[in-house]
Amino acid sequence: MSEEELPLGEPAYYEVWGGLESANRALWIALWFAVTVALLALALVRVELRRPPVVIALGEDGRSSVMDSAQAQPAVGEVEVRNFLALFERFYVELNAYTCDSDLKLAFAMMTPDFQAKAARMLKSAGTIEKLKTEELQTNLFLSELRIVRDTPDILECRVKGYRRITSFKPGVPPGEVVFEHDIVLRKVPRSERAPYGLLVQDFKESVFKQTGTAE
């Protein structure tokens, strides 16, 4: 082969291979860099989402001031307390054979961990769920009073009065009635997705004044 026939200007095979290896390494470096940046961005977003909102309070004199996270938590009002109590009574006391499992799940979400364990033991020892399902019972709740008895920085002592009428889905079962008074202790906690009211039930005691029929 003469010099005129030589493929001048074309890279040798090892030069092509070396170029591909170099490009491959550059792509891997770029990929790892992009993944690292994405992970850092996600971490920063997560931190920002967990930060409490900045709350600026406007005083009576017109001056503004930034409140800290504790001050930014709105105080629990009496209307909220009464609404919380009514919901808890609905989920924990007004039970029926077909929705008791889902209702009690909601009621337990409104309790402190310690009272969750205590309530589970109380329901089991009384055979409440077994009786509801075996006798196909349903409860209608009527509340006559919901009030705060004592308010401290950490807890609220409350009282609920009313009665519940108990009937059965089975025919021929006589209805029953329970006249009760509930002493409920609520613990004040930071508002969160789990505790939007800023309250959790810490203790619950029932006093029965009258009990008839199926309720006995």
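The values are calculated or read from the model by the stated rules, or taken from the named source; none is laboratory data. Computed from a predicted structure; not experimentally measured. Reconstructed Cβ throughout: ideal geometry from the backbone, glycine too, with neighbour counts over all protein chains shown.
Quick look at the values:
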| quantity | calculated |
| --- | --- |
| Flag if Arg150 is assigned to a strand (DSSP E or B), charged (D, E, K, R) and farther than 19 Å from Leu87 by Cα | yes |
| Test: residue in region 179-198 that is basic (Lys, Arg), surrounded by 15 or more Cβ atoms within 10 Å (Cβ to Cβ) and not in a strand (DSSP E or B) | yes |
| Any hit, region 129-147, residues being of a type outside the set (D, E, K, R), part of a loop (DSSP other than H, G, I, E, B) and modelled with pLDDT of 95 or more | no |
| Residue check, Lys170 in the same structural domain as Leu87 (by TED's automatic domain parsing) and more than 18 Å from Leu104 (Cα to Cα) | yes |
| Meets criteria (aromatic (Phe, Trp, Tyr), surrounded by 18 or more Cβ atoms within 10 Å (Cβ to Cβ) and in contact (Cβ under 8 Å) with a residue 60 or more places away in the chain) for Phe204 | yes |
| Residue satisfying all of: in region 154-178; among the hydrophobic types (A, V, I, L, M, F, W, C) and more than 30 Å from Pro113 (Cα to Cα); surrounded by the fewest Cβ atoms within 10 Å (Cβ to Cβ) among these | Phe169 |
| Gly59 vs. criteria of a type outside the set (D, E, K, R) and at pLDDT below 60 | yes |
| Residues within region 187-214 that are aliphatic (A, V, I, L, M) and either touching a helix residue (DSSP H, G or I) at 6+ places or on another chain (Cβ under 7 Å) or not assigned by TED's automatic domain parsing to the domain that holds Met110 (or both), tallied | 2 |
